[in-house]
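Chemist: Got a structure for you, written out below as structure tokens; questions coming shortly.
The values are calculated or read from the model by the stated rules, or taken from the named source; none is laboratory data. Keep in mind it's a predicted model, so treat the numbers as computed, not measured. Here the Cβ positions follow ideal geometry from the backbone for every residue, glycine too, while neighbour counts run over all protein chains shown. Please note that ligands, DNA and RNA were not included when accessible areas were found on the heavy atoms of the full protein model with its side chains. Shrake-Rupley method; radii C 1.70, N 1.55, O 1.52, S 1.80 Å.
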Amino acid sequence: MSKNLLIEKARQRLLAGIGVPEPAPFVEDAFQKDAISAVANGEDTLVVATTGSGKTYIALQAMEAVLQLHCKAVYTTPLKALSNTKYSDFKRRFEPQYKVGLLTGD
């Protein structure tokens, strides 16, 4: 048996049990509700959580809340590539009702 065929068979065995989760309604976690509520109440809020824990959801909900109050929102990222991605995402989500800008170190 060729090396490529062995690798393919090993890959198939590895991935055989992986499936797609059943669709389920989104339910906010308590920390997400608390953070969104704090921002909506005008409190300075810093969310520190692991990757994939729902920080962007909090940011989007908080931005919508402050924008409805006719205030400004700032979203920061540690990487230029992520900033560019979020800029595109926010333009699609918020424009033309709100103006979206991008500021980098370039």
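Chemist: Suppose every Lys and Arg Cβ carries +1 and every Asp and Glu Cβ carries -1, with no other charges. What dipole size does the chain come out with about its Cα centre, to the nearest 20 debye?
Modeler: 640
Chemist: By how many degrees, between 0 and 90 and to the nearest 10, does the Cα long axis of helix 55-68 differ from the longest principal axis of the chain?
Modeler: Roughly 30 degrees between the two axes.
Chemist: Give the angle, between 0 and 90 degrees and rounded to the nearest 10, that separates the Cα long axis of helix 80-94 from the longest principal axis of the Cα atoms of the chain.
Modeler: Taking the Cα atoms of the chain, the angle to 80-94 is about 60 degrees.
Chemist: Using a Gaussian network model of the chain with C-alpha springs under 10 Å, which one of 81, 40, 65 is most mobile by mean-square fluctuation?
Modeler: Evaluated over the chain, the most mobile residue of the options is 81.
Chemist: Of [x] 13.2, 43; [y] 20.2, 67; [z] 12.7, 44, which one was derived for Rg and Dmax of the Cα atoms in Å from the structure shown?
Modeler: Computed from the coordinates, Rg and Dmax of the Cα atoms in Å corresponds to [y].
Chemist: Explain nothing, just compute: Karplus ³J(HN,Hα) = 6.51 cos²θ - 1.76 cosθ + 1.60, θ = phi - 60°, for every residue of segment 8-14 in order, whole Hz, x for Gly and Pro.
Modeler: Working through the residues one at a time gives 4, 5, 5, 4, 4, 5, 4 Hz.
Chemist: Largest first, how would 76, 51, 45 line up by accessible area (1.4 Å probe)?
Modeler: Most to least solvent-accessible, the answer reads 51, 76, 45.
Chemist: Then there is this: For the chain, what does the helix formula give at 222 nm: sum of -39500 (n - 2.57) over DSSP H segments with n ≥ 4, over the residue count, nearest 500 deg cm²/dmol?
Modeler: Calculated from helices alone, the mean residue ellipticity at 222 nm is -16000 deg cm²/dmol.
Chemist: Could you order 2, 83 by accessible surface area, starting with the largest, using a probe radius of 1.4 Å?
Modeler: The residues order as 2, 83, largest area first.
Chemist: As a test question: what accessible area, to the nearest 10 Å², does residue 36 have when a 1.4 Å probe is rolled over all protein chains in place?
Modeler: 30
Chemist: Considering only lysines 8 or more places apart in sequence, or on different chains, count the pairs in the chain whose C-alpha atoms sit under 17 Å apart.
Modeler: 8
Chemist: Here's another thing I want to ask about it. Can you find, among 98, 57, 20, the residue sitting farthest towards the positive end of the charge dipole of the chain, where Lys and Arg contribute +1 and Asp and Glu -1 at Cβ?
Modeler: 20
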